[in-house]
1. Of B:Lys298/B:Lys337; B:Lys219/B:Lys337; B:Lys357/B:Lys392; B:Lys250/B:Lys337; B:Lys219/B:Lys298; B:Lys298/B:Lys357, which sit over 22 Å apart, Cα to Cα?
2. Using per-residue counts of other Cβ atoms within 10 Å, averaged over each peptide, order A:50-63, B:337-350, B:266-279, B:289-302 from highest down.
3. For the protein assembly as shown, what is the mean residue ellipticity at 222 nm derived from helices alone (per DSSP H run of n ≥ 4: -39500 (n - 2.57); sum divided by total residues; nearest 500 deg cm²/dmol)?
4. With the crude spin-label approximation of a point 7 Å out along Cα→Cβ, what separation in nm comes out for B:Tyr420 versus B:Glu154?
5. Once phi is turned into θ = phi - 60°, what whole-Hz ³J(HN,Hα) does the Karplus curve with 6.51, -1.76 and 1.60 give for every residue of the stretch B:91-96, x standing for Gly and Pro?
6. Can you work out the Karplus-derived ³J(HN,Hα) for every residue in the stretch A:52-57? Use 6.51 cos²θ - 1.76 cosθ + 1.60 with θ = phi - 60°, whole Hz, and x for glycine or proline.
7. Nearest 0.05, what FRET efficiency do B:Ala291 and B:Glu401 give at R0 = 30 Å with Cβ-Cβ as r?
8. Roughly how crowded by other chains is peptide B:129-139, in terms of the mean Cβ count from those chains within 10 Å of each of its Cβ atoms?
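A short reminder: the numbers here are calculations on the coordinates, not readings from a lab. As the structure is a prediction and not an experimental result, all values here were calculated from the model. Cβ: placed from backbone, ideal geometry, glycine included. Neighbour counts: every protein chain shown.
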Amino acid sequence: MDIAAPLLIGLLTASGVYLLLRRSLLRMLFGLILLSNAVNLLILTAGGLTSGQPPLISGTETVMDASAANPLPQALILTAIVIGFGLIAFALVLVYRTYKTMGTLDADAVAAGTPRDDS
Amino acid sequence: MSDLLVLPVVIPLATMVATLLAWRAIRLQRILHLIGAAGLAVASIVVAVSVWNGGIMHLQVGSWSSPFGITLVADVLSAAMLVVVGLTGAAVGVYAVGSIDGERERFGFYPLYHALLMGVSGAFLAGDLFNLYVWFEVMLISSFVLLVLGNETEQVRGASTYVIINLVSSLCFLAAIGLLYGLTGSLNLADLASRLPGVGEPALVTTIAMLFLIAFGIKAAVFPLFFWLPASYHTPPVAVSAIFAGLLTKVGVYALIRVFTLLFTQDIGYTHTMLLGIAMLTMITGVLGAAAQFEFRKVLSFHIVSQIGYMVLGLALFTPLALLGAVFYIIHHIIVKTNLFLVSGLAHRFGDTFELKSLGGLYRSKPWLAILFAIPALSLAGLPPLSGFWAKFVIIRAGLETEAYVAVAVALVVGLLTLYSMTKIWNEAFWKPLVSADRTSEADSERAVNEGLLPAPSLAWTVTPVVVLALITLGIGLYAEPLAIVADRAADELLLPEAYVEAVLGSGVAENQSLP
């Protein structure tokens, strides 16, 4: 179990980096999605994968029970997911706009700047 | 008193909401925009004055005590940066009113502009790393939209590089945050500073430091991570590229300075030597890139890169004098670089192009513009008595004191090459006669008819901020002492992180810390 999470993160990162190195902008975007998932899992794993109780403080207590799980990594990941979602959504629209304007998704052609004639 | 610290974030937020509510009323949006920009400038000055008089300020948001809640901290460095943000935000804001076209105004330029300012101010105030990440993202997403707003082919082209590289940088930052949390159990900067020395895993800490170096290095556009900057900064309208040029990379430099003075000082021999190499290569590649360009804003964009090298050099030398120089340099650079971009916009207005080859004769037709260009340009190159001279002088002197002679030589040569680039712009745009004699006036009237959107007093709107920023440059140059004193105190605080830690955590809170 302990080895599974790092392996999964490694696999996601490797695939993400591979996709990021492709020439198609859409594949780069997919690479970013995989990478951002890898990073989210990394936070969870680095924060400690423990099977604890739900982190709730009962009415009479003032501190959390020692057996409770650490809620902070999850709070961080939740924020990161929301932010990542917004950024990826924007990037997807940008890729679409790039295709509409340039007529291609090839990174080299986009950088060389040969817009489609009929646009 | 410390509640003041929310103002630099809340004022842009309120302005953003107000301008969004006035979506269809462009005139009202402009007024709200100007009020908001002026309000931010005033608020940042108020914060700075109280930090100066009362020492490091911090605010525990929602009264959750540090290190558990969100903390906003302002030391002298943050406060000084906030003031510069306020000033340039107001100056470019005024310029934008006179130069942004109606189409962009209708599609939310003003709300986005204030979202950007909010992100930048928030980043300077953030007291923990995750908060810093969130402010980076606020800044990033608004900069994405500002960059492509208008949807011109050039903009879309530059944007894909910018967006993808910056997303990669954010992911590096987030991964570094996750690992650092796993190692120490905290993300509060002050708390981390007190915990990191006790972690006892120098190799792991240095690895994380390198991840931060990559993440902030991309934002700051240091060598070899700078390619996105010259690919994109010349594409949006001038007001947008001016505020980007002034502020965005400097947030990266600020973050580098913050983490490499407060957190990662356990292996200075390794990390700061690496920074020294990066600084030198950044200076050289930036200035050589600029020498090869003949587009007004591309030349300026490459110069951002080379100037970032000087700031990182100040951090890498890591002496009180060098950090003083770095802080001084950042402040000087934001004002000068913003102003140069604004001047490029004025040149475009009269010559109708950014291509230096096609510009010309501006010295003859608009001598005042030539002077307004000469002040920031010579300041950027570091000629006395302008602000850039003192900034370079302090950093080079610090280099001599630490016997980093190679870095000093590089800094001097790069200064000379900067002068070469500025001379090139001067020769091409201002000095040489215009190729086709009556193009200027023709283009002027043609544009005025075509666009018909610019209000009549727009020239005053665009010239005033340039004059004000040029006067500030001149003022810093002629009377550099007050800024030097501020930078000196900021450097002292940076080299004594204990004061920062104590101010944020207090002496009593430290005992209540939970174990990781």
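1. Where the Cα-Cα span goes over 22 Å, the pairs concerned are B:Lys357/B:Lys392.
2. On the way: A:50-63: 8.9, B:337-350: 25.6, B:266-279: 17.1, B:289-302: 21.1.
Per-residue Cβ counts within 10 Å, averaged per peptide and sorted highest first, yield B:337-350, B:289-302, B:266-279, A:50-63.
3. On the way: 27 runs with 460 residues, N = 635.
Mean residue ellipticity at 222 nm (helix-derived): -24500 deg cm²/dmol.
4. Taking the two extended label points, one gets 2.6 nm.
5. Per residue, the Karplus-derived 3J(HN,Hα) values read 5, 5, x, 5, 4, 4 Hz.
6. x, 6, x, x, 10, 9
7. On the way: r = 30 Å, r/R0 = 1.00.
Rounded to the nearest 0.05, the efficiency is 0.50.
8. If you average over the peptide's residues, the count of other-chain Cβ atoms is 2.
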